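Derivation of every value follows stated rules applied to the coordinates shown; laboratory data play no part. Please read all numbers here as calculations on a predicted model, not as lab measurements. Backbone-built Cβ (ideal geometry, glycine too); neighbour counts: all protein chains shown.
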Amino acid sequence: MKFNKICVLGLGYIGLPTAATFAAHGIKVLGVDTNSDIVDTLRRGDIHIHEPGLRETYKTALASGNLTVSTRPEEADAFLIAVPTPFLEGRSGEYNGQQYKLADMRAVTSAAEAIFPLLRKGNLVVLESTSPPRTTLELIAPILARSGLTAGRDFHLVYSPERVLPGQILRELIENARVIGGVTSESAQAGADLYSVFVKGEIIQTDATTAEMVKLMENTYRDVNIAIANEFARLADKFGVDVWEAIRLANRHPRVKILSPGPGVGGHCISVDPWFFVETAPELTPLIYNARRVNDAQPRYVLELIKRTVGVLKGKKIAALGLAYKPDVDDLRESPATQVVHILQTEGAQVEAWEPFKPDAKLPGIHMAASLESALKDSDAIVLLVRHTEFVNLKPSDISAATKACLIFDTVNAWESDAWHAAGFQVVRLGVGK
Ligand code: SAJ
């Protein structure tokens, strides 16, 4: 199938790079976002999100004349839905007395409702947003049927998950394998034709519900594996073992690959997606549910670790290094580091936070320092929360002049304890009971 014009609904972390990449590959793209501030920013040639290389790709796409942006969709050969599916605020489900979170599918529903009046025979519609299993068949297809056309017979309908890693989106968009799940094999083929415009990785065709499960399985697998690493850290604390050393040795086994413990699991993918399984089948998902609980409890475990050494936190000044949800990104949303800061403050500590990737961030209730030095000034203790490369590279001499603190809590195994001990610091590492 040939595509002259496509319409991408949702210009966020996935939709914008996808729209820009299609346009840079010669396809006419209308990018649509219901937020007029975002559309205004993009029309000015600016971008509203930080992702390495995106500004350049977006500028190239604009300059080519292939990319335009609007708050409303138009007729096109293909429609891509890349809108957010966050948690539903203020409501949860319950199974056997245990609460679980629910997906907010309103943006997906609105996008499908915006498409159906424009739908023509032979069109392709792709859902990319992470969604609970059977969303394509049971939510999207019925809405699009209001056009009078039937998915799989009159138009093609596909679920194709994005699987790109924030920080490397533009490269992974092109190089990763792409799963295309069609409601029919002809739909899957139409989806494969579309993505083959720029995807260099393998394009694998399957059915829509399998593709939905694949996406959720990938992130759930990672979440469960991080949960077990976090439990190993707690066990190592209890048994006087260094979990990082134990993991390194266990990973010498040819079939073992334990991930890293830390202050918790953040971002808007791994800490969210497993709930989509729990929501649709709570009776089948005790492991997935409990892994989420373990990872969500990890910021509190960090607090306990700190309290064990410091005792009462009231009035203590703490420098928190790193607020991003993971290393070397500027994304602070759903970050376990910010949760640790909030919990420390609830216990009465005065926290100065330093985030080198977003020094100007304004987070409610968090005091952002203007520099590393000002975060460290007058601090009684330092807590390292994100393994940013520039933190890993810090040497004791880089900070000893700036602080009177000699107590360091390293939650991400960034610092070689011996060197810091030699410089007069006491280092308490997460998962090191020794
Ligand atoms: N984390 C650990 N220990 C680890 C690895 C990660 O505590 O060993 C933490 C991180 O610090 C972070 C969280 O987990 O807080 C998630 O980080 P991540 O790098 O594992 O994943 P994301 O959320 O940035 O991106 C994931 C990726 N999925 C997988 O690796 C299976 C990405 O490929 C997906 O496209 C993305 O979710 C998504 O959009 O779903």
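Data for the structure
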quantity: Dimensions in Å of the stretch 8-103 - Rg and Dmax from alpha carbons; calculated: 16.5, 57
quantity: Karplus (6.51, -1.76, 1.60) ³J(HN,Hα), θ = phi - 60°, over the stretch 374-382, in Hz, Gly and Pro reported as x; calculated: 6, 5, 7, 4, 6, 6, 8, 8, 10
quantity: Most mobile listed residue (ALA337, ALA63, ALA236) in the chain, GNM with C-alpha springs under 10 Å; calculated: ALA63
quantity: Spatial separation of Cα centroids for the stretch 293-343 and the stretch 52-93, in angstrom; calculated: 33
quantity: Within straight-line cross-link reach of LYS215, aspartates and glutamates at Cα separation under 19 Å, skipping those fewer than 8 residues along the same chain; calculated: ASP104, GLU128, GLU138, GLU162, GLU172, GLU175, GLU202, ASP207, ASP223, ASP273, GLU279
quantity: Qualifying trypsin sites (Lys or Arg not before Pro) in the stretch 225-286, DSSP loop, other Cβ atoms within 10 Å at most 15; calculated: ARG252, ARG255, LYS257
quantity: Choice from THR21, THR130, THR210 with maximal GNM fluctuation in the chain (Cα, 10 Å cutoff); calculated: THR210
quantity: Links that overshoot a 31 Å alpha carbon limit, given the list LYS377/LYS434; LYS121/LYS200; LYS101/LYS121; LYS59/LYS326; calculated: LYS101/LYS121
quantity: GNM result for the chain, Cα springs below 10 Å: residue of GLY267, GLY365, GLY322 fluctuating most strongly; calculated: GLY365
